[in-house]
Amino acid sequence: MTAPIDLRSDTVTRPTPAMRAAMAAAPVGDDQYGEDPTTNRLQSRLAELLGKEAAIWLPTGTMANQVALRVLTRPGDEVIAARESHAAWHEAGGGAANAGVQIHEIGQQGRFTAQQMLDAIKPRNFAIFPATTLVEVENTHNRAGGVVVPQDEVLRICTAAREHGLASFLDGARLWNASVASGRAPAELAAPFDLVAVAFSKGLGAPGGSLLAGSKSMIQSAHRHRQRLGGAMRQNGIYAAAALHGLDHHLQRLGEDHANARTFAERLVAGAPVALDLATVQTNIIVFHLPPALAIDAPTLAARARERGVLLNAFASRTLRAVTHLDVTPAQCAQAAQALVALLGG
């Protein structure tokens, strides 16, 4: 039986044989005591790579984001984020349940301006309003189609945030993709923010793991919150070794995923009556919409595509997402696009 072409997410990748070998050979210790040498090496390397004082490994990107909220806010605060941000849409209400914050979504297509952020800050002289204390930027932005947030605007946002007493957080789960697509070093993209999250289980192909980087005091606080959320690990070097291998061997190839996404998107647009702005296909994510005139909806299209060996996610009733990664080839991406074209009557 032929394996399906899995475009549901870049989290579906399996460790390569070389990554498995690195994991098997990793020196390990008890990370809760700070004694796992491979985790310590990863944290030190990432702090330097992201231009921060310190870093801490966490099991998942969602936990990294939740810990960041608990470090940077207090219950009852308000967080400004881009519309359809991961924090608001894909963390099971964790911001409210874990940190006790509400999220004010602004902007469009994964972006907002410094002025829009300033307009969203609640007045502080009237007790009925929550205190706006944090601005969060997601780069790349998942639901907007993997778009890269312009760094010039990021600088304006973070500068304005500091001037108005707001902390700043970068949800950089796919920061590696943003770096490759923009040609800017990860440290440059991370520099304006107080706290930064990155993931290893997406473009880098590791089986798990994310990381927060920031000042020593913030990372010390993150350690306590990680413990409270059950994120402290033991012989974590197995995961850290996978992350280190991904950084060494899978980072520079991300441009291939971006090219594959472009091929998929161009073939889909050329052959099917879908709504897809090719300008949004900047990295490895393609989000497209089914016009009302089409009789088929997104869940039905996803189900029929699965029958043809193509897996993708229905994001809404008429919105779908496909994501390229290291486990799909250029030929498979072209084949997947043609399967969708056929299903849509092209």
- Query: Is it true that residue 133 is surrounded by 22 or more Cβ atoms within 10 Å (Cβ to Cβ) and touching a helix residue (DSSP H, G or I) at 6+ places or on another chain (Cβ under 9 Å)?
  - Reply: no
- Task: Filter segment 265-296 down to residues that are part of a helix (DSSP H, G or I) and more than 21 Å from the chain's Cα centre (by Cα), then give me how many there are.
- Result: 6
- Query: From the list 204, 170, which residue is surrounded by 24 or more Cβ atoms within 10 Å (Cβ to Cβ), under 14 Å from residue 85 (Cβ atoms), of a type outside the set (Asp, Glu) and modelled with pLDDT of 95 or more?
  - Reply: 170
- Task: Within segment 101-119, count every residue that is in contact with a Ser or Thr (Cβ under 8 Å, 6 or more places away or on another chain) and more than 27 Å from residue 286 (Cα to Cα).
- Result: 1
- Message: Given the criterion outside the structural domain of residue 314 (by TED's automatic domain parsing), in contact with a helix residue (DSSP H, G or I) (Cβ under 8 Å, 6 or more places away or on another chain) and in contact (Cβ under 8 Å) with a residue 40 or more places away in the chain, identify the matching residue among 82, 87, 64.
- Response: 87
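Yes/no per residue for (1) under 30 Å from residue 237 (Cα atoms); (2) surrounded by fewer than 24 Cβ atoms within 10 Å (Cβ to Cβ); (3) among the polar types (S, T, N, Q):
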residue	(1), (2), (3)
125	no, yes, yes
138	yes, no, no
152	no, yes, no
155	no, yes, no
183	no, yes, no
208	yes, yes, no
- Note on the structure: For residue 32, the lone unmet condition from (1) at pLDDT 95 or above; (2) not in a loop (DSSP other than H, G, I, E, B) is (1)
- Task: Collect the residues in segment 298-346 that are in a helix (DSSP H, G or I) and touching a Ser or Thr at 6+ places or on another chain (Cβ under 7 Å), keeping them in residue-number order.
- Result: 298, 330, 333, 334
- The strands (runs of 3 or more DSSP E) lying wholly within segment 100-180 that contain at least 1 residues that are touching a residue at least 60 places away in the same chain (Cβ under 8 Å) are 132-138, 167-172
- Query: Restricting the search to segment 48-72, which residues are assigned to a loop (DSSP other than H, G, I, E, B) and buried (at least 23 other Cβ atoms within 10 Å of the Cβ)?
  - Reply: 50, 52
- Selected residue (criterion: farthest from residue 236 (Cα to Cα)) from residues of segment 14-27 that are among the hydrophobic types (A, V, I, L, M, F, W, C) and surrounded by fewer than 19 Cβ atoms within 10 Å (Cβ to Cβ): 18
- residue 44, sole failed condition from (1) polar (S, T, N, Q); (2) within 29 Å of residue 315 (Cα to Cα); (3) not in a loop (DSSP other than H, G, I, E, B): (2)
- Contact list, first residue from segment 250-273 and within 21 Å of residue 19 (Cβ to Cβ), second anywhere and of a type in the set (Phe, Trp, Tyr), beta-carbon distance below 7 Å, six or more apart or interchain, is 251/176; 254/176
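Looking for whichever is crowded, with 21+ Cβ neighbours inside 10 Å, within 16 Å of residue 9 (Cα to Cα) and either among the polar types (S, T, N, Q) or at pLDDT 95 or above (or both) here; the options are 265, 241. Which one fits? Full working, then the answer.
Details: 241 fails: within 16 Å of residue 9 (Cα to Cα).
The conditions single out 265.
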- Message: Looking at the structure I just gave you, is residue 38 more than 20 Å from the chain's Cα centre (by Cα), buried (at least 20 other Cβ atoms within 10 Å of the Cβ) and in contact (Cβ under 8 Å) with a residue 60 or more places away in the chain?
- Response: yes
- Looking across segment 313-346 at residues that are touching an Asp or Glu at 6+ places or on another chain (Cβ under 6 Å) and under 21 Å from residue 253 (Cβ atoms), the single one that is surrounded by the most Cβ atoms within 10 Å (Cβ to Cβ) is 324
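The values are calculated or read from the model by the stated rules, or taken from the named source; none is laboratory data. Keep in mind that what you see is a predicted model, and the values were worked out from it rather than measured. All Cβ positions, even for glycine, are placed from backbone atoms using ideal geometry, and neighbour counts span all protein chains on display.
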